[in-house]
Amino acid sequence: MEIYLVGGAVRDLLLGRPVTDRDYLVDHADHALFLGRYPTARLVGKSFPVFILDGSEYAWPRGGSLTRDLELRDLTVNAMALDQRGMLHAHPKALNDLQARILRPCSPSSIADDPVRAFRAARFAAQFPDFSASPELTDQMQDASTRGLLAGHAAERVGREMLKALSAPKPSRFFELLKRTGCLSPWFEEVLACVDVPAGPAPYHDRDVFGHVCQVMDRAAADPLLAWMALAHDLGKAITPPERWPSHHGHEEAGEALAEALGLRLRLPRLFIDAGAMAAAEHMRARNYAGLRPGTKVDLLMRLEARKLTTRMFRLALADGAGRPPSGLAAGGGIDPGEVSRQARRDLRAIRKVRLPEDKKDLGEASGELLRQLRCEAIAKPQGELPER
């Protein structure tokens, strides 16, 4: 029995990167022999049996041999195997492509064999910003899109690749490669609709909405939930009638439904669906927090706290407003977005200190109205001064 370390773990070892997931390939042994050696292994999967042992996956060569298995993998830089003696086995182009930082499909039919690999390739573009897509890869992705091969797959697989891209150093490259190869449709229709729609008037914007959300995503990189909120926050601008461009009045409410629809289509966790919808609906209030009335501030902070999104929403506002004043304030008279975030945190601390008097508790709506009033007074007072009751 031969057991090989395969795929991304070998690639990362050769790149000098930390190895987090280890996948193995078992050769010259059947399932019974493997279980005899490793009785605690657990079999999962039906069409493609895989054993789980100590958190790692053990599979058998596709095509019946190690050489054929490497030919059938997605990208050449992932088509490598390391045996137990330290001998490296690789696709013929793997080492050259790894050195040249090229993402190349293993065979002329790699993407057609499993079209979800188009999204996987785009994820690697985000994960490795210094790698470029080969002409073979972009041609195969475009062909898969033209032939309608991207539809009809398990939504969870597409969503999982996107979430991994949002955790990567440059999430924008995931969507840019999909856009360049015509692969945003049918899964990312709301994102595709943002292309060539002006993001807003100068001096606040110099890109289309697609370019703007890509820019904000990169500022939010490494936090997948925040990067998802960045993607979702301006989707509503895509449905502004062209005669209203570059203004996008009301895009917040329009974007809430679009963000939710995108999250549901990809079958994302409920946390992400709610966060995306809230990012679309609330990001402008967070951006312009300093100019809000005390009651609006309290209501906003309470909504965000209920979803545990306060910190991320103001980080989104900071990423969204980097280098430009909040909308609606005179040029040069805007408040630093960082100061807006600090003010919100101070207000939240003041709100948390507010308590109802004992004789005002348990009075239903009256108690709720009084508590809101006290909270408004607390943030309207100078720092450290609390309302008297």
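The values are calculated or read from the model by the stated rules, or taken from the named source; none is laboratory data. What you see is a predicted model, and the numbers here were worked out from it, not measured in a lab. Every residue, glycine as well, gets a Cβ built from its backbone with ideal geometry; the counts of neighbours run over all protein chains shown.
Here is the figure for the stretch 1-15: residues that are β-branched (Val, Ile, Thr), outside any helix (DSSP H, G or I) and either more than 19 Å from HIS89 (Cα to Cα) or within 28 Å of the chain's Cα centre (by Cα) (or both) total 1. ILE111 falls short on exactly one of the conditions (1) surrounded by fewer than 21 Cβ atoms within 10 Å (Cβ to Cβ); (2) out of contact with any His (no Cβ under 9 Å at 6 or more places or on another chain); (3) more than 18 Å from LEU231 (Cα to Cα), and that condition is (1). Residues in the stretch 127-156 that are in contact with a helix residue (DSSP H, G or I) (Cβ under 8 Å, 6 or more places away or on another chain), in contact (Cβ under 8 Å) with a residue 40 or more places away in the chain and within 15 Å of CYS183 (Cα to Cα): ALA133, LEU137, THR138, MET141, SER145, ALA155. Of the residues LEU163, LEU150, LEU177, the single one that is assigned to a helix (DSSP H, G or I) and surrounded by fewer than 24 Cβ atoms within 10 Å (Cβ to Cβ) is LEU163. If you go through the stretch 209-226 and pick out every residue that is surrounded by fewer than 19 Cβ atoms within 10 Å (Cβ to Cβ) and either assigned to a loop (DSSP other than H, G, I, E, B) or in contact with a strand residue (DSSP E or B) (Cβ under 6 Å, 6 or more places away or on another chain) (or both), you end up with 2. For ALA199, are the conditions met, namely being modelled with pLDDT under 95, in contact with a Phe, Trp or Tyr (Cβ under 9 Å, 6 or more places away or on another chain) and surrounded by fewer than 24 Cβ atoms within 10 Å (Cβ to Cβ)? Answer is yes for this residue. Restricted to strands (runs of 3 or more DSSP E) entirely inside the stretch 16-102, those with at least 3 residues that are within 27 Å of GLN127 (Cα to Cα) are 23-27, 50-53, 56-59, 80-82, 88-90. Consider the stretch 79-130 and keep the residues that are under 15 Å from ASP69 (Cα atoms) and small (Gly, Ala, Ser). The one that is farthest from the chain's Cα centre (by Cα) is ALA90.
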